[in-house]
Amino acid sequence: MKEFIINENDSGQRVDKFISKALPELPKSMMYRLIRKKDIKINGKRCDISDRVNTGDRITVYVKDEVSAEKKHDMSFLSCTADIDVVYEDDNIIIVSKPVGLDSHSNGSPMTDTLIDRIKHYLHNKKEYQPDSESSFAPALCSRLDRNTCGLVTAAKTAAALRDINEAIRSGRLHKIYHCVTVSPPPKKEDIITAYHQKDESRNLVKISDSPVEGYKPIKTGYRVIASNGKLSLVEITLYTGRTHQIRAHMAHIGAPVLGDGKYGNIAANKRYGIFRQALCAYELRFDLPEKSAFSYLNKLKITDNTPEFEKRFFS
């Protein structure tokens with residue numbers, strides 16, 4: 001028999017989702033059979049698959065110990081540094097400045113130095129994240145950036161914050177503004193452009209079409225030229241959709257590729273300026289959460305990153 005007391009971070013999940021995370025070695029078919037046979041109970045009473053667990057609930061799983069091995073908490077994050085550039089932090093979220101060259105997360109690979117690992121280590125040192133006290137939750141990124149893009153990334157410290165911030169992203173209530181340098185000026189000083197986007201998973205490359213094509217998804221990108229030195233342009237980008245490589249591919253498509261971009265950019269210009277990583281930074285975040293959200297206090301904030309090095313170099 002296994003027993004769990006639901007804490008705040010586990011609250012709100014369906015009981016089958018919680019059990020799958022808390023007892024990952026328990027086959028799902030067996031879990032569903034146990035629920036049907038009333039061998040999984042909430043507060044001593046039978047439950048259905050769709051029942052949700054609440055803080056303080058006692059979950060009892062009547063199964064042999066050898067087939068119900070509890071989740072072994074991954075502590076590999078302790079092998080990486082806890083040194084992160086915190087831009088904003090409260091009890092619910094942490095916003096950090098990701099440097100160029102650091103992956104946001106592992107993407108299934110065994111690497112142990114990623115942004116989320118560093119955040120976990122940082123929170124562990126502050127005693128805000130203790131894996132042994134969590135059955136199913138770990139701090140998680142609400143957004144991510146490409147390895148060679150720098151800037152602001154938001155992570156949730158609690159399950160409630162993760163749910164609300166992710167919903168804000170899905171509904172367009174988290175506004176992300178980027179700064180980039182383009183090797184030629186965009187067609188207009190300011191515009192909102194639309195197109196269609198397809199990702200080639202095998203090549204990690206995207207294609208852009210001006211017209212609808214089967215398999216392509218619509219994208220929308222806003223831009224505004226902030227400064228120009230005659231050749232290079234400093235451009236502010238507002239993302240209305242968030243597709244893979246959207247800024248880099250879309251700006252290249254309109255004839256204003258991002259400096260340093262080796263996938264979609266101008267290789268000759270990159271060599272001329274000696275820049276071989278995209279001059280692109282997630283520079284500003286603004287929240288527009290519903291007033292009923294427990295996290296609507298974030299709406300008062302305007303969070304900006306440090307001025308990126310590429311901006312200082314060409315436009316200081």
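For residue 127, the aspartates and glutamates whose Cα falls under 19 Å of its own Cα, not counting residues fewer than eight places away in the same chain, are 8, 10, 74, 83, 85, 89, 90, 91, 117. If only the Cβ of Lys and Arg carry +1 and only the Cβ of Asp and Glu carry -1, the dipole of region 76-171 around its Cα centre is close to 160 debye. Each 5 Å bin from zero holds the following percent of Cα-Cα pairs in region 76-171: 3, 14, 24, 28, 21, 9, 2, 0. Couplings 3J(HN,Hα) of region 120-135, computed from phi: 4, 5, 4, 5, 5, 4, 7, 6, 9, 9, 10, x, 5, 9, 10, 8 Hz, in residue order, whole Hz [Karplus 6.51 cos²θ - 1.76 cosθ + 1.60, θ = phi - 60°; x for Gly and Pro]. Ranking 149, 230, 139 by how far each Cα lies toward the positive end of the dipole of the chain (charges on Cβ) leaves 230 at the top.
Within region 1-95, the chymotrypsin sites (Phe, Trp or Tyr not before Pro) that combine a DSSP coil assignment with at most 16 other C-beta atoms in a 10 angstrom radius are 62. Within the chain, the longest run free of exposed loop sites, counting GluC sites (Glu not before Pro) that sit outside DSSP helix and strand states (H, G, I, E, B) and have at most 15 other Cβ atoms within 10 Å, spans 215-290.
For region 177-282, the relative contact order works out to 32 percent when only alpha carbon pairs closer than 8 Å and six or more residues apart are counted. When only alpha carbons are used to place a centre, region 215-242 and region 107-175 end up 26 Å from one another. Relative contact order, whole percent, for the chain stands at 14, derived from Cα pairs under 8 Å and 6 or more residues apart. Karplus-based coupling profile of region 91-102, in residue order and whole Hz: 5, 10, 9, 9, 10, 10, 9, 7, x, 5, x, 10, with θ = phi - 60° in 6.51 cos²θ - 1.76 cosθ + 1.60 and x standing for Gly or Pro. The label-point distance for residue 39 and residue 192, in a model that sets each label 7 Å from Cα toward Cβ, rounds to 5.7 nm. Helix content alone sets the calculated 222 nm mean residue ellipticity of the chain: runs of n ≥ 4 DSSP H residues at -39500 (n - 2.57) each, divided across all residues, give -5500 deg cm²/dmol.
Taking amide H as placed 1.01 Å from N in the peptide plane, residue 259 has its amide H under 5 Å from the amide H of 181, 182, 183, 279, each at least 5 places away in sequence or on another chain. Each Lys and Arg adds +1 at its Cβ and each Asp and Glu adds -1 at its Cβ; summed about the Cα centre, region 177-282 shows a dipole of about 260 debye. With the dipole of the chain worked out from charges on the C-beta (+1 for Lys and Arg, -1 for Asp and Glu) around the Cα centre, which of 266, 47, 308 lies farthest toward the positive end? Final value for the positive-end residue is 266. Placing +1 on each Lys and Arg Cβ and -1 on each Asp and Glu Cβ, with no other charges, gives the chain a dipole about its Cα centre of roughly 720 debye. Along the positive direction of the dipole of region 76-171 (beta-carbon charges: Lys, Arg +1; Asp, Glu -1; about the Cα centre), which of 106, 125, 87 reaches farthest? About the Cα centre, the residue reaching furthest to the positive side is 106. Taking amide H positions as modeled 1.01 Å from N, with prolines and chain starts lacking one, the residues under 5 Å from residue 227 and 5 or more places away or on another chain are 234. Peptides 273-280, 202-209 ordered by packing proxy, namely the average of other Cβ atoms within 10 Å per residue, highest first: 273-280, 202-209. Straight-line reach from residue 292: taking Cα to Cα under 17 Å and skipping same-chain neighbours fewer than 8 places apart, the aspartates and glutamates in range are 164, 167. Amide hydrogen proximity for residue 88: with H placed 1.01 Å from N in the peptide plane, the residues at 5 or more positions away or on another chain lying under 5 Å are 95. Where (1) 16.4; (2) 17.6; (3) 19.2 are the candidate values, the label of the one calculated here for mean projected area of the Cα convex hull in nm² is (3). Cα convex hull, region 177-282: 93 Å³ per residue, rounded to a whole number. Within straight-line reach of residue 126, meaning a Cα separation under 17 Å, sit the following lysines at least 8 residues removed in sequence or on another chain: 157.
Values quoted throughout were computed directly from the atomic coordinates according to the rules given, and no laboratory measurement underlies them. The shown structure was predicted, so the numbers you read here are calculated from the model rather than taken from an experiment. Here Cβ is always computed from backbone atoms with ideal geometry, including for glycine, and neighbour counts include all displayed protein chains.
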